[in-house]
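Visitor: Dumping the structure here so I can ask a few things about it.
The values are calculated or read from the model by the stated rules, or taken from the named source; none is laboratory data. Everything quoted here is computed from the prediction, not taken from an experiment. Cβ placement follows ideal geometry from the backbone for every residue including glycine, while neighbour counts extend to all protein chains displayed. The protein model used for the area step is the full one, side chains on, heavy atoms only, and it has no ligands, DNA or RNA in it. Shrake-Rupley method; radii C 1.70, N 1.55, O 1.52, S 1.80 Å.
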Amino acid sequence: KSIHFKDALSVGSFHAMKHGVLTVFSAGNLGPYPKSLQNYQPWTIIVGASTLDRKFITKVKTGNNRTYEGISLNTYDLQEKLYPIIYGGDAANKGEGFDQNSSRNCLANSLDEKLVKGKIILCEGDQGISEAFRVGAVGVMMQGEASIDIAISFPLPACYLQLKDAAKVLTYIRSTSFPTATIFKTIELRDSLAPVVASFSSRGPNNAVPEILKPDVIAPGVDIIASWSPISLISKNFGETRKLMFNIISGTSMACPHVSGAAAYVKSFHLTWSPAAIRSALMTTAVACINSENNLDAEFAYGAGQIDPVKAVNPGLIYDADEGDYVRFLCGQGFNTTDLQQISGDDNICSNKTYPSARDLNYPSFALKVQSSQQHFRGSFRRTVTNVGIPYSKYTANVTAPEGLHISVNPAVLSFTSVGEKQTYILTIHGKMKNHTLLSASLIWNDGNFRVRSPIIVFNERADKVAGSSNLYLIIIII
């Protein structure tokens with residue numbers, strides 16, 4: 001139970017919520033591993049990082065007239081000149097006791113300067129930049145998967161290549177006595193696949209309470225133009241000398257301010273809305289057109305989807321919650337009155353009106369954890385929505401679910417006669433996983449004017465194990 005309050009951020013955001021202040025956290029940069037969330041507090045918004053509809057690519061060309069497309073932020077111009085290229089494994093610094101196993105990764109001091117200087121070097125892995133610069137390489141080609149969706153600046157011409165392309169370059173190097181290559185300047189292209197969740201963006205299931213879906217939403221967090229201290233170098237690589245007023249940065253810390261700004265925008269139209277109401281508006285209007293082929297972790301990666309600040313201003317219905325709801329939730333999670341008062345700093349008590357299950361918290365998403373893929377399961381969620389749209393309106397429930405997953409909503413029609421009116425419904429899920437690790441579904445309340453969408457995910461214990469990075473994260477408070 002103490003995981004909710006293991007640090008000052010959890011406690012501070014709880015007190016912010018008490019005073020009507022919304023706190024927005026980054027999900028963390030430990031993806032793509034499951035259960036890697038750095039933040040998961042239910043009274044906050046947790047944000048994952050997605051790609052933009054533009055991307056940076058860097059092309060390389062080998063002496064056999066083959067061109068390969070990689071990724072980096074290369075501002076250096078080799079003017080299409082072909083330079084000798086050598087494989088790191090063939091340039092071991094044997095005088096210092098290094099062999100091919102070290103030099104192929106271009107580890108520190110593993111390369112022989114006499115063999116590499118004036119050439120482009122092909123390194124396995126992504127740690128060879130500083131070593132290549134030390135020995136006077138003209139440029140670096142690196143292979144790997146970890147950074148293939150992030151454009152990074154380096155102090156010399158460099159490019160990340162996909163494994164298959166790097167293998168082709170190595171085959172070419174082996175095929176001739178005098179292999180050559182060049183690295184082109186980076187160009188910008190349109191990314192038709194966006195938004196895709198970044199590889200580094202931390203994933204669920206929720207570390208603390210699996211049946212509260214986190215992250216809540218995603219926002220642009222890859223290759224974001226950001227202001228930069230003019231006294232700081234633009235990269236931490238050995239040999240870097242450039243200083244700029246702006247930089248291009250990736251991370252969930254870049255996604256977090258997007259959501260914070262969107263939340264402030266919604267708040268400017270609805271000054272009395274609670275933090276939960278603003279979160280609900282952002283979640284239920286999020287763009288759900290996520291390509292499942294490129295987001296295999298489903299809602300554990302992107303939550304409700306990509307935020308749409310304009311639509312969030314008029315969500316139609318909201319899922320609201322206040323301090324009392326979170327207190328009942330905490331008491332149901334095992335807190336007693338003493339624990340609670342030490343955290344809340346007031347006279348809150350754990351009464352009989354606790355939420356026996358995390359599923360009872362009035363959240364805009366639904367997550368159900370089941371024990372086995374083979375056993376039949378059943379779970380219910382009680383939710384209350386508040387009308388913030390048209391006074392006289394009738395919403396009909398529309399459920400989309402995969403085969404074998406049965407979802408019912410009772411009542412299936414909600415009728416309102418005034419703004420601010422509340423209606424309660426029960427959503428019930430039953431079925432079998434049929435050897436699936438997770439299944440995705442959705443509920444949309446539709447009155448002809450508003451579409452209020454909630455993601456639904458059903459998963460089992462294998463989701464903790466199926467599919468880094470830094471601990472960079474950012475907290476933004478909306479006042």
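Visitor: Taking the stated definitions as given, is GLY204 of a type outside the set (Asp, Glu), surrounded by 22 or more Cβ atoms within 10 Å (Cβ to Cβ), over 9 Å from the mean Cα position of the chain (by Cα) and at negative phi?
Guide: Here the answer is yes, as GLY204 does meet what is asked.
Visitor: Could you please find all residues in region 207-243 being under 30 Å from LYS61 (Cα atoms), of a type in the set (D, E, K, R) and more than 18 Å from the chain's Cα centre (by Cα)?
Guide: LYS236, GLU240, ARG242, LYS243 - these are the residues of region 207-243 that are under 30 Å from LYS61 (Cα atoms), of a type in the set (D, E, K, R) and more than 18 Å from the chain's Cα centre (by Cα).
Visitor: Return the pair list, or none, for Cβ contacts closer than 6 Å from residues in region 341-355 that are open to solvent by less than 40 Å² (accessible area, probe 1.4 Å) to residues that are modelled with pLDDT under 75, at least 6 apart or on different chains.
Guide: What qualifies is ILE343/PHE5.
Visitor: Ok, one more. For ASP149, all conditions in the list (1) of a type in the set (Asp, Glu); (2) surrounded by 23 or more Cβ atoms within 10 Å (Cβ to Cβ); (3) closer than 26 Å to ALA226 by Cα hold save one; what is the number of the exception?
Guide: (2)
Visitor: If you don't mind, there's one more thing I want to ask. Which condition number in (1) of a type outside the set (Val, Ile, Thr); (2) open to solvent by 60 Å² or more (accessible area, probe 1.4 Å); (3) farther than 22 Å from TRP273 by Cβ is the one that LYS422 fails?
Guide: Here LYS422 clears every test but (3).
Visitor: Something else now. Could you grab me the full set of residues in region 125-142 that are open to solvent by 40 Å² or more (accessible area, probe 1.4 Å) and over 18 Å from ARG242 (Cα atoms)?
Guide: ASP126, GLN127
Visitor: For region 296-308, does any single residue satisfy the condition of being part of a loop (DSSP other than H, G, I, E, B), β-branched (Val, Ile, Thr) and in contact with a Ser or Thr (Cβ under 7 Å, 6 or more places away or on another chain)? Let's see the steps before the verdict.
Guide: Quick first cut of region 296-308, residues part of a loop (DSSP other than H, G, I, E, B) only: 296-298, 303-305, 307-308.
If we keep only those that are β-branched (Val, Ile, Thr) too, we end up with 307.
After this cut, where a residue has to be in contact with a Ser or Thr (Cβ under 7 Å, 6 or more places away or on another chain) as well, the list is none.
Taking every residue of region 296-308 in turn, none turns out to be part of a loop (DSSP other than H, G, I, E, B), β-branched (Val, Ile, Thr) and in contact with a Ser or Thr (Cβ under 7 Å, 6 or more places away or on another chain).
Visitor: So, one more: Within region 379-393, can one find any residue that is under 18 Å from GLN423 (Cβ atoms), open to solvent by 50 Å² or more (accessible area, probe 1.4 Å), among the β-branched types (Val, Ile, Thr) and not in a loop (DSSP other than H, G, I, E, B)?
Guide: No, region 379-393 contains no residue that is under 18 Å from GLN423 (Cβ atoms), open to solvent by 50 Å² or more (accessible area, probe 1.4 Å), among the β-branched types (Val, Ile, Thr) and not in a loop (DSSP other than H, G, I, E, B).
Visitor: Shifting gears a bit: If we scan region 41-59, do we find a residue that is in a helix (DSSP H, G or I), over 29 Å from ASP126 (Cα atoms) and not hydrophobic (A, V, I, L, M, F, W, C)?
Guide: The answer is no, given that none of the residues of region 41-59 is in a helix (DSSP H, G or I), over 29 Å from ASP126 (Cα atoms) and not hydrophobic (A, V, I, L, M, F, W, C).
Visitor: Looking only at region 44-67, how many residues end up being under 30 Å from ALA8 (Cβ atoms) and among the aromatic types (Phe, Trp, Tyr)?
Guide: Looking only at that region, the number is 0.
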